[in-house]
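Read the figures in this text as sums done on the coordinates, not as results from a lab. All values reported here derive from a predicted model rather than from experimental measurement. Here the Cβ positions follow ideal geometry from the backbone for every residue, glycine too, while neighbour counts run over all protein chains shown.
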Amino acid sequence: MLQQIYQKLYDHFGPQNWWPAETPFEVIIGAILTQNTTWSNVEKAIENLEKQGLIGPEKLHKIENKDLEKLIISSGYYRQKTKKIKNFTSFLWEKYDGKLKKLLELPSSRLREELLSIKGIGKETADSIILYAADKPVFVIDNYTKRVLSRVGITQEKNYDKLQELFHDKLPQDTQLFNEFHALLVNLGKDYCKRKPKCDNCPLNQVCEYAKSYNQ
């Protein structure tokens, strides 16, 4: 059924070309900043960083915390996110001499271990970095994905690892497929499968258990 859902979403939304970033490092900063906020708020923060020429490991490593906080304030939780960015750049400098490519070239499992060792980077953020910055096949599980799978009737499971295993078992290990599918689920969650869903025009309403009960 996952393949069917993917095709319906792709037919409806088209290719997503996600992640919207110029460089792998910008992907990483975006993945940290997007925690607990909307992408529009992240875009404002990234724009501020770009205007100051700060989208780079060395520059963000050296900037004072209070100066970084001011630039990313639109992303919310800006003090915590400043610490997380600093934790990442410190890690990169201490273990990889500031060479991001060296980190991203690690095998997926080892890269994930390294990322999860950094305070402030959890599974969703780590997997977003692996998929979108390192270009390696791992499925990112977020709240939109949990909501959609629950409503369509695939599973009520909430455990991150078990949900990820579901995608890894049922789909080919293909980076582009995982990239598009995750982005499509995010789009569906934002536009239709909201907390208060818009089932009438949802592209999945013919295969969704929730929509069927909603329309009765």
Lys and Arg at +1, Asp and Glu at -1: add these up for the other residues within a Cβ distance under 13 Å of Lys212 and post the number.
-> -1
Helix 160-170 versus the longest principal axis of the chain: what is the Cα-based angle in degrees, 0 to 90, to the nearest 10?
-> 60
To the nearest 10 degrees, the tilt of helix 39-51 (Cα long axis) against the first principal axis of the alpha carbons of the chain is 20
Assigned charges on the beta-carbon of Lys, Arg, Asp, Glu; the chain dipole about Cα centre (debye) = 740
Taking only the alpha-carbon atoms of the stretch 1-58, the convex hull volume per residue, in cubic angstrom, is 112
Rounded tilt (10° steps) of 78-96 against the dominant C-alpha axis of the chain | 70
Along the charge dipole of the chain, Cβ charges K/R +1 and D/E -1, which of Leu177, Ala133, Tyr77 sits furthest on the positive end?
-> Tyr77
Which of Lys101/Lys162; Lys51/Lys83; Lys8/Lys123; Lys70/Lys198 exceed 32 Å between C-alpha atoms? The answer is Lys70/Lys198
Over the Cα atoms of the chain, compute the convex hull volume and normalise it per residue, giving Å³.
-> 116
Theoretical ellipticity at 222 nm over the chain - DSSP helices of four or more residues, -39500 (n - 2.57) apiece, nearest 500 = -18000 deg cm²/dmol
Report the normalised scattering of the stretch 39-87 as log10 I(q)/I(0) at q = 0.13 Å⁻¹, calculated by the Debye formula with identical scatterers on the alpha carbons.
-> -0.23
Proximal charge balance of His61 [Cβ under 14 Å; K/R count +1, D/E count -1] | +2
If all Cα-Cα distances of the stretch 24-133 are sorted into 10 Å bins from 0 onward, what percent lands in each bin, rounded to whole numbers?
-> 15, 53, 29, 3
For the residue pair Lys194 and Thr155, what label-to-label distance in nm results when each label sits 7 Å from Cα along the Cα-to-beta-carbon direction?
-> 2.8
